[in-house]
Structure formats: C-alpha cells, structure tokens
Amino acid sequence: MKNSYLVTGCAGFIGAQVCQRLLQAGHRVVGIDCLNDAYDPRLKNWRLQQLSPAPDFLFRQLDICDRPALAEVFATDANNAAPYGAVVNLAARAGVRPSVEDPWIYFEANTTGALNLLELCRQHGVPKFVQASTSSLYGANHSIPFREDDNTDRPLSPYAASKKAAEALAYTYHHLHGIDVTALRFFTVYGPAGRPDMSVFRFIRRIAEGLPIVVYGDGLQQRDFTHVDDIARGVVSALRPLGYEIINLGSDRPHELRQMIAILEELLGRAALVEYQPAHAADAPATWASVERAQQLLQWQPQIDFRGGLASAVRWYQDNRNLAISLRLD
C-alpha cells in the first residue's frame, strides 16, 4: 500500500538513505532539511540530487525549529485526513565535541525541533513518530553491551543530553496523546557519502591523499560501527506500530579505532601517518549495542560486515573524489 511519509533531515547521511528505501518501496516522501553548514552543505546537495529524480519525492527547505514554516507541511486535505502515515525525525545537530562549545544550538535543533514535530503530529492526527536518538546516551559507566533499559541519566555531552530530552518528550506525547513512538539509538554510523566530520570519512581522505590523521587517545577505544544501509533498513522497519519503544541499532561487534585504520591502510594501499592527541572528556571509551530488542520487535539484525562496509565507503570516495577532496572537514 502506498503511504505518505515526512522525513526530516532528508539530505543527511541517514535521512537520504531512508528516503531512498521508502521511494523504492513505492511510497510518497516529503523531505525537509534546512541544509545548514554544520558540515559542508555540498555533500547534502549531492545526496539531494540522488533523490530528486523520483516523482514521489517532494523537497522543502526549512528548519524544524521554524514552527510556522513547519506547520505548512502538515496541511490536511478537505476530508481532514492525517497528512502522513508517519513522521521520521532524522533532523539533528550531531557531534559530541562541538556540542560542548555551543550547547544552545543543539537543544534548539534536537529538543525544541522534536517538540515542534510532536505537537504537529498531535494536532493533525499523525499516528506514528520515529525519533532518531544516539548511543551517546549510555555514557561511560555501563557494562557492555549497552541495553535499552540501562540508566541514561548521566550523559557526557550536551548533544547526548539534548537527545535524552527528545526521547522524554516523545514518551510524554505517547502517554498523553496516544502517538505510537519508536526512538532508535544509532551506534557510530558509517558508509558511502558519510559525514565529513566523522572519523571514517576523515581517515579515508587523509590516508588516500598522504596526509596525517589525528587520533584522540591511544586508538584502543572501541566503537560499534554500523553501516548506513543497515541503519536505514532498521528505520523503515520501525514504522510498524509498537506502542512506545526505545531500540538500539548497532552492529553488535565493536572494533578498535586502530583496527579500522589498519583495514583502511590495506584497502587504500598506503600507510597512515598518525598523530596522537589527548582523549576528549566527552568521548566514551567504548560503545557496544545489544540488538536483541531490534531482533525481537523489528526482525532486524545487521547484515554488513565491517571490512565490507569500509570498502563501500572507500569506493564512494574513489568514485566521487573530486567532490570528496573538496569538502570541508570541520
């Protein structure tokens, strides 16, 4: 059955992949994105170019913090039917370290923006809300793997705190207004056309071009790297009715940063020049997702192995080098 979905952050790394999956499944997608300069917007425009030929894709450039503009994309028809089968909120300010420098913009985008969308869902009878959340909520004081019922009351960064607040608001709207809510905690997403401010993109580019890479800490920190295709598949699976659920989406196989560098050296055929800097206080030493709940509720499990996923990111870089080499990394 053909449905209409609103996807925020549609030009983002995950958002563009979710839109592609929904369109390929025959649905109508209204995508919104403010195309800000949190990272180089030329990459966001490249992703939009991949979506724009689809006849069932409509793009609106706006900020989810702009309530009047946002309200316009929730206009109902003459029968007062709900405008969307679901809202998928992937719009966000991402990044742990930058949030320490400017926490206000993180709360505006990640918390107030989510509130604006939830209120419009309430007003217009949208039955389903999918909220992007983060593994950063788990902080540093949990046994691993991280489970959804672990305590997340001590986030290490304003970014994590803003996502925690969005989860809490989503529960409130579920409790008070019956909106079906699924909050998905993503674990270190990587893959083709990935964010240039994240380590996989940075390391590929700098190793490929013979430039030094910077590692914060000793390189033994572990991350549950999860391929963007697996993440997008999980987001689409979460559109089913579940009541209120928080669900991890991760690979369930963490890898040390040094291991990632070694694989990239092999794939690129060059040795990395590594500069070590002190670890950042907002960085968790390890992340590792328990994905049992995703398996039970979504019939989802990760499919792309780490080496294969890194190879796909390297291929994208090589195929799009003229764009990739010009992108701003900060």
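The values are calculated or read from the model by the stated rules, or taken from the named source; none is laboratory data. Computed from a predicted structure; not experimentally measured. So basically every Cβ, Gly included, is an ideal-geometry build from the backbone, and we count neighbours across all protein chains shown. For accessibility, only protein heavy atoms count, side chains too; no ligands or nucleic acids. Shrake-Rupley method; radii C 1.70, N 1.55, O 1.52, S 1.80 Å.
Select from region 1-31 the residues that are among the β-branched types (Val, Ile, Thr) and crowded, with 24+ Cβ neighbours inside 10 Å and list them in ascending order.
Across region 1-31, the qualifying residues are Val7, Thr8, Ile14, Val18, Val29.
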Just wondering, is there one or more residues in region 223-239 that are buried (at least 20 other Cβ atoms within 10 Å of the Cβ), acidic (Asp, Glu) and outside any helix (DSSP H, G or I)? yes
Checked region 150-187 for anything farther than 28 Å from Gly85 by Cα and assigned to a loop (DSSP other than H, G, I, E, B); matches are Asp150, Asn151, Thr152, Asp153, Arg154, Pro155, Leu156, Ser157
For Tyr276: the one exception among (1) assigned to a loop (DSSP other than H, G, I, E, B); (2) surrounded by fewer than 18 Cβ atoms within 10 Å (Cβ to Cβ); (3) among the aromatic types (Phe, Trp, Tyr): (1)
Can you list residue pairs whose Cβ atoms sit under 8 Å apart, with the first residue in region 126-144 being of a type in the set (Phe, Trp, Tyr) and the second being part of a loop (DSSP other than H, G, I, E, B)? Count only pairs 6 or more apart in sequence or on different chains. Phe129/Ile179; Tyr138/Asp150; Tyr138/Thr152; Tyr138/Ala284; Tyr138/Thr287
Loosely packed, with under 15 Cβ neighbours inside 10 Å and part of a helix (DSSP H, G or I), is that true of Gln303? no
So which of Val96, Val88 is of a type in the set (Val, Ile, Thr) and either touching a strand residue (DSSP E or B) at 6+ places or on another chain (Cβ under 6 Å) or at pLDDT 95 or above (or both)? Val88
Pick from Ala166, Ala170, Ala160: which is open to solvent by less than 30 Å² (accessible area, probe 1.4 Å), among the hydrophobic types (A, V, I, L, M, F, W, C), farther than 19 Å from Ser290 by Cβ and touching a Ser or Thr at 6+ places or on another chain (Cβ under 8 Å)? Ala166
Taking region 37-68 as the search range and keeping residues that are without any contact (Cβ under 8 Å) to a residue 12 or more places away in the chain, in a loop (DSSP other than H, G, I, E, B) and of a type outside the set (D, E, K, R), which one is surrounded by the most Cβ atoms within 10 Å (Cβ to Cβ)? Ser52
Can you tell me which residue in region 126-143 is least open to solvent (accessible area, probe 1.4 Å), limited to those that are modelled with pLDDT under 95 and out of contact with any Pro (no Cβ under 9 Å at 6 or more places or on another chain)? Ser135
